[in-house]
Amino acid sequence: MEAHSLTLSGILDGNRILEIPFFQRAYVWAEPQWERFLDGMATVSSEKKTYFLGSIILKQQMTGTQRHGDIRTLIGGQQRLTTLCLFFKVLSLKINNSKLETIYRLRMTEQIAIKHNHNDEESFNKILNLTTLDNINTENKISAAYNFFKNNLDESIINYQTLLDNLQFVVIDLLLDEDEQKIFDTINSLGVKLTTAELLKNYFFNHDIELYEKNWKDIFETDSARKYWDIQISAGRVTRSLLDLFFYSFLQIKIQDPVLNLNSEDKKKYGKVEGLFDSYSDATWDIKKGGDGKNKGFSVYASDLATFSPYLSNKSWDEAAIETRANNLAKLAIAEWKV
């Protein structure tokens with residue numbers, strides 16, 4: 001592991017591709033962050049002083065003959081780098097300076113240097129490939145950021161060369177043999193918070209996009225579904241999202257399956273909603289250890305989500321529809337697992 005200070009051009013150097021891994025969440029910055037960001041860019045442009053924009057964590061990747069030579073996994077810093085690219089894109093269109101395109105493109109191929117994952121790739125690439133300052137429907141946070149900068153960026157008070165000279169990052173480079181998931185989990189525990197559901201999503205599906213889209217995306221990540229699953233339920237001083245509570249309940253039902261052969265002590269470990277992700281992780285080990293040898297840890301849970309899919313994937317999230325699905329799920333659990 002190596003740490004050093006770099007400007008933006010030292011990170012996006014024209015030769016390096018930064019890939020956002022599957023387990024990373026979608027772009028989530030919103031208006032309060034964009035407003036502070038614009039204020040910061042105006043301040044740097046006027047004061048011409050070094051401006052620290054936080055840390056970037058990269059990991060080396062093994063590259064074969066068919067891939068670009070320098071590819072890094074972008075483990076930490078997605079929000080800031082994505083915002084900077086969108087900002088410079090809008091600025092380039094406002095001042096009609098195509099040279100700013102070189103900030104976020106490879107020198108030889110003009111390919112976009114940041115490769116987003118399944119969450120944002122289409123929207124991000126669409127915006128960075130614009131040739132005019134078009135009107136774009138706000139479909140997600142990427143397009144919302146573009147529209148915010150389009151409407152609020154005052155190009156007359158921004159000096160792009162001053163920004164390129166003075167924006168500074170602390171860059172941490174991980175070596176090829178260092179475990180990026182452990183590093184990210186450590187960062188997560190120190191404040192870069194992923195939700196339990198986001199951590200579980202990575203463990204359920206890893207890089208299996210097809211399985212993810214079939215058994216997760218349409219159930220939990222449409223706009224209407226997110227509003228429902230993100231509802232917070234309080235019990236005393238503890239507040240949990242409905243999605244966390246669903247996966248807690250899911251685990252409690254699953255561990256009763258006699259095929260898994262879990263003992264009472266094992267089951268007791270998983271009886272608390274706190275540490276839900278760790279419970280799933282531990283359960284994977286116990287299932288491998290005590291089951292019939294045919295299961296594959298988390299793949300057991302992923303396949304069970306497929307069983308639930310018809311009951312969960314419904315466009316209606318009103319109270320009556322939810323109650324009907326809950327009753328059907330209860331009947332399914334009784335029939336499948338004899339609980």
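The values are calculated or read from the model by the stated rules, or taken from the named source; none is laboratory data. Bear in mind the structure is a predicted one, so any value in this text is a computation, not a measurement. Glycine also receives a Cβ, built like all others from the backbone with ideal geometry; neighbour counts cover every protein chain displayed.
Observations on the model:
- Scan of the stretch 1-12 for residues that are under 14 Å from Leu84 (Cβ atoms) and loosely packed, with under 15 Cβ neighbours inside 10 Å, ordered by number: Ser9, Gly10
- Hits in the stretch 48-72 - residues which are within 24 Å of the chain's Cα centre (by Cα) and either at pLDDT 90 or above or assigned to a strand (DSSP E or B) (or both): Phe52, Leu53, Gly54, Ser55, Ile56, Ile57, Leu58, Lys59, Gln60, Asp70, Ile71, Arg72
- Among the candidates Asn117, Asn166, residue that is touching a Pro at 6+ places or on another chain (Cβ under 9 Å) and touching a residue at least 60 places away in the same chain (Cβ under 8 Å): Asn117
- In the stretch 192-248, the residue that is nearest to Ala26 (Cα to Cα) out of those that are among the β-branched types (Val, Ile, Thr) and modelled with pLDDT of 70 or more is Thr222.
- Evaluation of Ala144 against (1) closer than 20 Å to Glu35 by Cα; (2) outside any helix (DSSP H, G or I) (one fails), failing number: (2)
- So Asp266, is it surrounded by fewer than 19 Cβ atoms within 10 Å (Cβ to Cβ), modelled with pLDDT under 75 and either not acidic (Asp, Glu) or not in a loop (DSSP other than H, G, I, E, B) (or both): no
- Comparison of Arg107, Arg72 shows that the only residue that is surrounded by fewer than 16 Cβ atoms within 10 Å (Cβ to Cβ) and either farther than 26 Å from Phe148 by Cβ or hydrophobic (A, V, I, L, M, F, W, C) (or both) is Arg107.
- Asn125 vs. criteria outside any helix (DSSP H, G or I), under 30 Å from Thr222 (Cβ atoms) and not charged (D, E, K, R): no
- Considered as a group, the residues in the stretch 14-47 that are surrounded by 14 or more Cβ atoms within 10 Å (Cβ to Cβ) and charged (D, E, K, R) include one that is farthest from the chain's Cα centre (by Cα), and that residue is Arg16.
- Residues of the stretch 226-256 classified as under 18 Å from Lys269 (Cβ atoms) and either part of a helix (DSSP H, G or I) or aromatic (Phe, Trp, Tyr) (or both), total: 9
- Once the stretch 250-263 is narrowed to residues that are among the polar types (S, T, N, Q) and out of contact with any Asp or Glu (no Cβ under 8 Å at 6 or more places or on another chain), the residue that is surrounded by the fewest Cβ atoms within 10 Å (Cβ to Cβ) is Asn263.
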